[in-house]
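Peer 1: Please see the structure below; I have some questions.
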Amino acid sequence: MNPDQLRFAASHEWVSDGNPATVGISHFAQDQLGDVVFVELPKVGTALAAGDPFGSVESVKTVSDIYAPITGRVAAVNEALVSTPELVNSSPYDEGWLIKIEPTGDLAAELGALQDRATYESTAAH
């Protein structure tokens with residue numbers, strides 16, 4: 001995915017515009033976490049509201065919760081992360097995606113409340 005076409009939450013998740021929308025964590029977030037060793041993801045069908053925690057990423061340094069950037073139902077989880085969690089580090093915008101969400105809320109409004117890449121990157125390090 002091209003990061004310039006994604007929207008970012010202040011909590012470091014990114015989301016694509018689409019149905020289903022793809023969700024992952026930013027390059028900045030994976031860099032701060034260090035080597036990812038385990039990813040906990042929800043079951044397909046789980047209903048999420050924007051801002052709800054839906055799983056966690058465990059690295060050699062810490063465990064961090066992951067939050068839904070939009071409202072919807074989990075349509076898919078990245079099963080590859082079970083055996084290869086380091087994809088979050090090596091390919092955060094492509095092979096390291098976390099979940100796909102079928103939007104059930106006001107997608108345009110929720111995406112509008114998130115940041116574009118330039119805004120996110122200018123504020124993420126502060």
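Readers should treat all values here as calculations from the given coordinates under stated rules, not as data from a laboratory. Please read these numbers as outputs of a predicted model, since none were measured by experiment. Positions of Cβ are generated from backbone atoms using ideal geometry, with glycine treated the same way; all protein chains shown enter the neighbour counts.
Peer 1: For residue 62 and residue 119, FRET efficiency with R0 = 30 Å and r from the beta-carbon atoms, rounded to 0.05?
Peer 2: Working: r = 25 Å, r/R0 = 0.85.
The computed FRET efficiency comes out at 0.75.
Peer 1: So what J values fall out for region 51-56 if you push phi through Karplus, 6.51 cos²θ - 1.76 cosθ + 1.60 with θ = phi - 60°, rounded to Hz, Gly and Pro as x?
Peer 2: Along region 51-56, the couplings run x, 6, x, 10, x, 8 Hz.
Peer 1: Treating the beta-carbon of each Lys and Arg as +1 and of each Asp and Glu as -1, no other charges, what is the dipole magnitude of the chain about its Cα centre, to the nearest 20 debye? Can you show the working numbers first?
Peer 2: Working: 6 positive and 18 negative charges, 37 e Å.
With only Lys, Arg, Asp and Glu charged at Cβ, the dipole is about 180 debye.
Peer 1: Check which residues have an amide H placed less than 5 Å from residue 91's amide H, if you skip close sequence neighbours.
Peer 2: 96
Peer 1: On full extension of the chain, what length is gained from residue 19 through residue 106, given 0.36 nm per residue of separation minus the C-alpha to C-alpha distance?
Peer 2: That pair, residue 19 and residue 106, stretches by 30.1 nm at full extension.
Peer 1: Quickly estimate the mean residue ellipticity at 222 nm for the chain, helices only: each DSSP H run with n ≥ 4 gives -39500 (n - 2.57), and the total goes over all residues, rounded to 500. All intermediate terms of the calculation are to be shown ahead of the outcome.
Peer 2: On the way: 5 runs with 29 residues, N = 126.
Helix contribution divided over all residues of the chain: -5000 deg cm²/dmol.
Peer 1: With charges set only on the Cβ (+1 for Lys and Arg, -1 for Asp and Glu), what does the dipole of region 55-121 come to about its Cα centre, in debye to the nearest 20?
Peer 2: 80 debye
Peer 1: Fully extended, how many nm does the chain gain between residue 47 and residue 11 (0.36 nm per residue separation, minus their Cα-Cα distance)? List each step's numbers first, then the result.
Peer 2: Working: separation 36, 0.36 × 36 = 12.96 nm, distance 1.94 nm.
Extra length available between residue 47 and residue 11 comes to 11.0 nm.
Peer 1: What's the local net charge at residue 17, with K and R +1, D and E -1, over the other residues with C-beta under 15 Å away? Don't skip to the end; give the middle numbers.
Peer 2: On the way: positive: 7, 100, 117; negative: 4, 13, 102, 106, 110, 116.
With Lys, Arg at +1 and Asp, Glu at -1, the net is -3.
Peer 1: Taking the convex hull of the alpha carbon atoms in the chain, what volume per residue do you get, in Å³?
Peer 2: That works out to 87 Å³ per residue.
Peer 1: So what are the ³J(HN,Hα) numbers for region 29-37, from phi and the Karplus equation (6.51, -1.76, 1.60; θ = phi - 60°), rounded to whole Hz, Gly and Pro as x?
Peer 2: Running phi through 6.51 cos²θ - 1.76 cosθ + 1.60 with θ = phi - 60° gives 5, 5, 5, 5, 5, x, 5, 6, 10 Hz.
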